[in-house]
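The values are calculated or read from the model by the stated rules, or taken from the named source; none is laboratory data. Quantities reported herein were computed from a predicted structural model and do not represent experimental measurements. Neighbour counts are summed over all protein chains in view; Cβ atoms, including those assigned to glycine, are modelled from backbone coordinates with ideal geometry.
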Amino acid sequence: MFQIFTDLASWLSFSVLGLSPDTKLGDALHFFIEDTSKIFALLLVMIYLIALLRASMNVERVRDFLAGKNRGLGYLLASGFGAITPFCSCSSIPVFLGFTSAGIPVGITMAFLLTSPLINEVAVLLLMSLLGWKFTILYIIVGMSIGMLGGLFLDTIKAERWLQSFAAKALEQGQTYSSAGTNGTIQSLTMSERHAFAKREMFDIFRRVWIWVIIGVGLGSALHGFVPDGWIETHLGTGQWWSVPAAVLVGIPLYSNATGVIPVMESLITNGLPIGTALAFCMSTVAASFPEFILLKQVMQWKLLAILFAMLLVSFTVVGWIFNSVAFLL
């Protein structure tokens, strides 16, 4: 699906610029070009398509279904959708913006945002081969539970009040947006009117966040691959209780998508790092990285970012302890 961005990054980094894929610089630049182009494409396409849907259908029925008495089902559906979409945390943000613009409650949107980078089909296959189906099912349940409980918590504290002004305005407009006319009939828009509305939404959001995509991914690229080989296994492989929160903190400055972190997780496990510690490290690398929070700062105020950050740290630490305990018992 995203192979075109990988090929583009390889062509620019290795053919045009002549860098070697075996060097730190070549690897970092390849990472930067691939992720920046992928996020830009997702940002433009997803915002446009969701805005086009808003102008073409009665999204109020969908929103009311998710936000009303079926809110619990909304968390489940959003978390399930996040589990089957191959997005990293930064790539999920365009979908987050689209959901917000459509008036979908913040908690349901966050259930998607939290789950999407955590559960990956490659990780599922790897865990199945390394640890068996019991650990794999536990991994899926834990990942979706983090998303659902996180969404419920954020809705409970009314987290939408800490969105940035333009995101809060988009949410408010989405919640009051109606595809029905004043007489209650469905308002018919021409295709050109729908296209104009979607294009306006797309460029308005893109203008606000494009520079932060570059800054965020650039930071992740600069840090990508520069942790010395064997450092994590040496310092965090003792299995002590503190090694799990330490692994989470170590993983935060780094950045990778779920697929990219799988070889790292496999190496950590095969080299003796406890499974829970390895999972906690990889989860924080994928879902709580600095680049993601730089991007999220454009749609969230500091208070909401701090709450989200603390929530992720606690979640990953608890998950690590659970998996280490289960592995010890088995």
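For the range 49-66, the set of residues classified as at pLDDT 70 or above and either farther than 24 Å from THR190 by Cβ or touching a Phe, Trp or Tyr at 6+ places or on another chain (Cβ under 9 Å) (or both) consists of ALA51, LEU52, listed by residue number. One residue alone among LEU296, LEU313 is at pLDDT 80 or above and either of a type in the set (Lys, Arg) or on the phi < 0 side of the Ramachandran plot (or both), and that residue is LEU313. Inspect the range 263-275 for any residue being in a helix (DSSP H, G or I), more than 15 Å from the chain's Cα centre (by Cα) and at pLDDT 85 or above and give the result as yes or no. No, the range 263-275 contains no residue that is in a helix (DSSP H, G or I), more than 15 Å from the chain's Cα centre (by Cα) and at pLDDT 85 or above.
From the list ILE93, ILE141, ILE146, ILE108, the lone residue that is under 12 Å from the mean Cα position of the chain (by Cα) and either at pLDDT 70 or above or crowded, with 24+ Cβ neighbours inside 10 Å (or both) is ILE93. Applying the set (1) assigned to a helix (DSSP H, G or I); (2) at pLDDT 75 or above to TRP241 leaves exactly one unmet item: (1). For PRO117, the conditions (1) within 20 Å of LYS297 (Cα to Cα); (2) modelled with pLDDT under 80; (3) not in a loop (DSSP other than H, G, I, E, B) are fulfilled apart from (3).
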